[in-house]
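The values are calculated or read from the model by the stated rules, or taken from the named source; none is laboratory data. It should be emphasised that the depicted structure is a prediction, and the values quoted were computed from it without experimental measurement. For neighbour counting, all protein chains shown are included, and Cβ atoms are generated from backbone atoms with ideal geometry for every residue, glycine included. Note: accessible area is taken over every heavy atom of the protein model, side chains too, but ligands, DNA and RNA are not part of it. Shrake-Rupley method; radii C 1.70, N 1.55, O 1.52, S 1.80 Å.
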Amino acid sequence: MSDATIILQQAHTRAESSHLAYQGALTPAEAAVLLVALPNVKLVDVRTHAEWQFVGFVPESEMIEWKTYPKMETNPHFLASLQAAVDPDAVVMFLCRTGARSHDAAALASANGYSQAFNILEGFEGDKNTAGQRGQVNGWKAAGLLWTQG
């Protein structure tokens, strides 16, 4: 059994045990493995343009805002943008700052024909440390995974 298959099974088990409305929940490290291991995989970053610009992003990810900055209103074009960018048969992994917006995006995608929708737990920046700063406790950046600043 391949590493990717094991990761997908573990993510699905997490989703089932938490009664999630999508296929699975991945750690950032697991998502990074899948980006390399699977030919038909997409990472969709649902944070805002400001977050991509000032905090950083994962190279080659699809960037589709779930909420628009600065009012943080739900993007009414999110689903249409997702459908234009990502094949519904692809493994699609959603990423946000902490895993909350990406949870909602994965649930919406799953409800609209994306049978392989996954949320990336902890998000890009993860939880705050004792000083109130993100990016050091957990999440994509804290895991030392590939990212860049635009």
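Does region 140-150 contain any residue that is buried (at least 16 other Cβ atoms within 10 Å of the Cβ), under 15 Å from Gly56 (Cβ atoms) and of a type in the set (D, E, K, R)? Yes: one or more hits. Among the residues of region 27-44, are any open to solvent by 70 Å² or more (accessible area, probe 1.4 Å), touching a residue at least 24 places away in the same chain (Cβ under 8 Å) and assigned to a helix (DSSP H, G or I)? For region 27-44, residues open to solvent by 70 Å² or more (accessible area, probe 1.4 Å), touching a residue at least 24 places away in the same chain (Cβ under 8 Å) and assigned to a helix (DSSP H, G or I): absent. For Ser102, the conditions (1) of a type outside the set (A, V, I, L, M, F, W, C); (2) crowded, with 24+ Cβ neighbours inside 10 Å; (3) touching a Pro at 6+ places or on another chain (Cβ under 6 Å) are fulfilled apart from (3). Being among the hydroxyl-bearing types (Ser, Thr, Tyr), touching a strand residue (DSSP E or B) at 6+ places or on another chain (Cβ under 6 Å) and either surrounded by fewer than 19 Cβ atoms within 10 Å (Cβ to Cβ) or within 15 Å of Trp147 (Cα to Cα) (or both) is a property that holds for Thr74.
Pairing each residue of region 98-119 that is within 27 Å of Arg134 (Cα to Cα) and free of Cβ contacts under 8 Å to residues at least 60 places away in the same chain with any residue that is among the charged types (D, E, K, R) and open to solvent by less than 60 Å² (accessible area, probe 1.4 Å), provided the two are 6+ apart or on different chains, yields C-beta distances under 9 Å for Thr98/Glu125; Arg101/Arg47; Ser102/Asp45; Ser102/Arg47.
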